[in-house]
Structure formats: C-alpha cells, structure tokens
Amino acid sequence: MAAVSVFPSQSELGAALARLVAEAAAEAVASSGRFTLGLSGGSMVPLLARELPPALRAVPGSDPSRWLVAFCDERLVPPEHPESTGGAYRAQLLSQFDAPPQVLWVRSELGPAEAARDYEEQLRKAFPGQAPPRFDALLLGVGPDGHTASLFPGHALLQEQDSLVSFLEDSPKPPPQRVTMTLPLLNAAQSLLVVAMGASKAPVIKRILQQQQQQQQQELPPAPAARLRPRSGRLRWLLDREAAAELSGDPGKGP
Ligand code: 6PG
C-alpha cells in the first residue's frame, strides 16, 4: 500500500519533498558513496529549484557532488529550448550547486530511437551489474490524464517489459517527441516519490489511488501512474490539498 501525504500548500509539499531527497541522499552517500536520482519535468523543476538548495544546506552529508542525476523523461528539443527538461534543470537548479552532480543528459540531437538507445546505454554503464538499474529515488509527476514520465494512457509503451528507456513521437502532451523511462525501470527504484499539485489533478488522483487499491483483483489499471508499483522499493504520493480534494476520509497529513 502506498503512503499518501497531503500538504496544506505547494511550498510545504516542496519543502517536505526536498527534505526527503536530502535525507535519502545523505543516507545513500554514507552507505554507498553516491546517490542516484531521477527527475521529471513540468512544475517539479521550479519546485525543486526553490526548495532543494536550502534543504541540502540543512542536511549534513547530502552532498550533490556525489549524486548521479538522470531524467525520468525528456522532451526531444535542443537543450536551450524552453521545453527542455534538462535545460530547465541546468538553468534553474544545477546552476545553484558549487560542485554539481554527474548528470546523464538525453542527447536530443540523435533523434527519438537513437536517443533512447543511447540513454539506455548510458544508464546501463552508470549502474554496472544492476539489471535493471535501481535508482535510490525517482521523482515523478502526474498529468490530468494519469500519465507519468512520458507514459500515456493507452500507449503501447505501457506494455514495454524489456527496454529500460523508450521513445514516442506522438505525445499527447507537447512536445510530441520524447524519451522516457519505462515501467520496468521506474518500478525497480528504491523509492518512487510521486508529486501532484493543483485542483486539475484531483479527479485523476482519486482514480489512480482507487485503481491501485483494486489492482490486486483486476488486470493492469488503465492509468499509467496507477502502474507504479516498486518491486521491492517504496511508493509515496505527495499531494497538496487541492490535488487531494476528492479523496475520502483522512488520506494522511504531511510527515
Ligand atoms: C514532462 C513530465 C511529465 C510531468 C507531468 C506533470 O516532462 O512533461 O515529466 O510526466 O511530470 O506532465 O506535469 P505538471 O506537474 O507540470 O503538471
């Protein structure tokens, strides 16, 4: 059963998310010498850019220079394009670090199929002996249609069980050409932290959490984000009050 935390505001959610990342980083760096983190685009970029640097200053040993950062998905546009997730993190977050992390960049200039193949090769090399790679933490968002990363409802990519990374050229959310981690890679993670904020997400969050609860009895749920089920890791939903508005009862307060 996934943990669901609801926060009164986006800034309180962001601060809690940043603290979870900083604490996971300190633990991973202390135990294995590095912290491996996957990031998503959209509203997560400014949220982390604002909240992560102060959280890292507050948590000893969370040292971003010891991190390996990758992207749960990436739009296939040039890095300087305003829609580039990597470009946005480079400008808004990574630029704040005196000693930046190692980053696995999606090479958008290669085109969809080659960029996906190249990214998978980068990942396999970065996680020697791990098949599939087990990220310490993957941070994901959810779209109003239930997509996560660039895995969209009804898309053939949801069936992918072999590749760690794949591509699409028909994303319903622009830009259309993207590279994305697949469910086998996402569900291999030690920790999945899924963020949803705003009233537009309330209906889909209700649907997803219901589908996740029913999943034991029925075939795979339609919403891609409802298919997030870490094989041996932890799944945690971080919602602001607006996104949790349609959940019944007391879905849990912030940590
Ligand atoms: C992307 C994403 C995507 C995003 C969701 C939620 O690059 O578009 O990684 O999966 O996380 O669409 O985006 P918002 O949080 O901005 O609504």
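The values are calculated or read from the model by the stated rules, or taken from the named source; none is laboratory data. Bear in mind the structure is a predicted one, so any value in this text is a computation, not a measurement. Quick reminder, even Gly has a Cβ in these numbers, built from the backbone with ideal geometry, and neighbours come from all protein chains shown. The accessibility values were calculated without ligands, DNA or RNA, using every heavy atom of the protein model including side chains. Shrake-Rupley method; radii C 1.70, N 1.55, O 1.52, S 1.80 Å.
A few points about this structure:
- Per residue value of the accessible surface for region 3-240 (all protein chains in place, 1.4 Å probe), Å²: 41 Å²
- Surface share of carbon and sulfur [accessible, 1.4 angstrom probe, percent] for region 34-144: 54 percent
- When nucleic acids and ligands are ignored and a 1.4 Å probe is applied, E83 ends up with an accessible area of around 70 Å².
- Considering only the chain, percent of DSSP beta bridges that pair antiparallel, nearest 5: 25 percent
- Using a probe of 1.4 Å, the accessible surface attributed to K201 totals some 30 Å² when neighbouring protein chains are kept in position.
- Legend: calculated FRET efficiency, S232 to S11, from the Cβ-Cβ distance at R0 = 41 Å, rounded to 0.05, equals 0.80.
- For K206, a cut-off of 20 angstrom between C-alpha atoms picks up these aspartates and glutamates, skipping any fewer than 8 places away in its own chain: D145, E219, D240, E242, E246, D250.
- Given their separation in residues at 0.36 nm each and the Cα-Cα distance between them, R57 and R90 gain 10.0 nm when the chain is fully extended.
- The Cβ shell under 13 Å around G146 holds other residues with a net charge of +4, Lys and Arg each +1, Asp and Glu each -1.
- When the chain is treated as a Gaussian network with alpha carbon springs shorter than 10 Å, the biggest mean-square fluctuation among G141, G154, G129 belongs to G129.
- 222 nm mean residue ellipticity, helices alone, for the chain (DSSP H n ≥ 4; -39,500 (n - 2.57); rounded to 500): -9500 deg cm²/dmol
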